[in-house]
Amino acid sequence: MKAKRKGIEEFDLVLWDLDGTLVDSRMDLVGATNVAMRALGYPTVSFDRFSQMVGQGVRHLVTSALPAGTDPETVEEAIEIFLVWYRRHLADTTRFYPGLREGIAHSKALHAVVSNKREDLCRSLLARLGATELFVRIVGGDTCPERKPHPAPLFAAMEGLGIPTDRILMVGDSPVDIEAGKLAGVTTWGVLWGFGDPASSRPDALLSDPSEVFSRG
């Protein structure tokens, strides 16, 4: 049973994870991963396996796709192949989940992206989608020395806005999102349409469909 939750209109700042929360980027991320795997002669990654690997940045994704014990030079080569392809194709099929872009555009709250994806890739993707202006802050996995589940990226997104933590919401599809939100002292919503299993980290509420985000709780 879903926990009773506040409506999103009760928050002044919403912090969004990107991949699997705001946007469905599965096809483009799997595509980049498998281009790298094929180039180096390794087995490709299935969608099911991908869901267990994503959420902690490009290095973790590529390293997880490679066989255990792969030498560091090959890991770096695979990451470079991934990045070259992904930068060209990061918005081939990636789109906002239904209703989220429109909801953010009409929302009275401020919105920020807090992702473990590299900041330059976050910015490039949002620019390609024509959505950069929707967000007051874009924090990536390399913006701060630490990444989620550490709360530092969330604090970076909040900094200087003067909004108390009880008026801030973190929305994500992964345990690292929920854990970071809890450590930052903000309300957390886990979404079930993405790649991870946010329920395992016991968010304040679980949402099953994007249509629930901007509806009343």
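Every number in this text was worked out from the coordinates using simple rules, so none of it is lab data. Being a predicted model, the structure only gives us computed values, none of them experimental. Heads up, the Cβs are rebuilt from the backbone with ideal geometry, glycines too, and the neighbour counts pull from every protein chain shown.
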Test: residue in segment 77-94 that is aromatic (Phe, Trp, Tyr) and within 15 Å of the chain's Cα centre (by Cα): no
Scope segment 176-186; condition crowded, with 24+ Cβ neighbours inside 10 Å and among the β-branched types (Val, Ile, Thr); matching residues: Ile178, Val186
Residues of segment 112-124 that turn out to be of a type outside the set (D, E, K, R) and over 12 Å from the mean Cα position of the chain (by Cα), as a count: 1
Which listed residue, of Val14, Val54, Val45, is crowded, with 20+ Cβ neighbours inside 10 Å, of a type outside the set (Gly, Ala, Ser) and touching a Phe, Trp or Tyr at 6+ places or on another chain (Cβ under 8 Å): Val54
Identity of the residue in segment 73-109, assigned to a helix (DSSP H, G or I) and acidic (Asp, Glu), that ends up nearest to Leu22 (Cα to Cα): Glu102
Single residue of Asp209, Asp173 found to be crowded, with 17+ Cβ neighbours inside 10 Å and out of contact with any Lys or Arg (no Cβ under 8 Å at 6 or more places or on another chain): Asp173
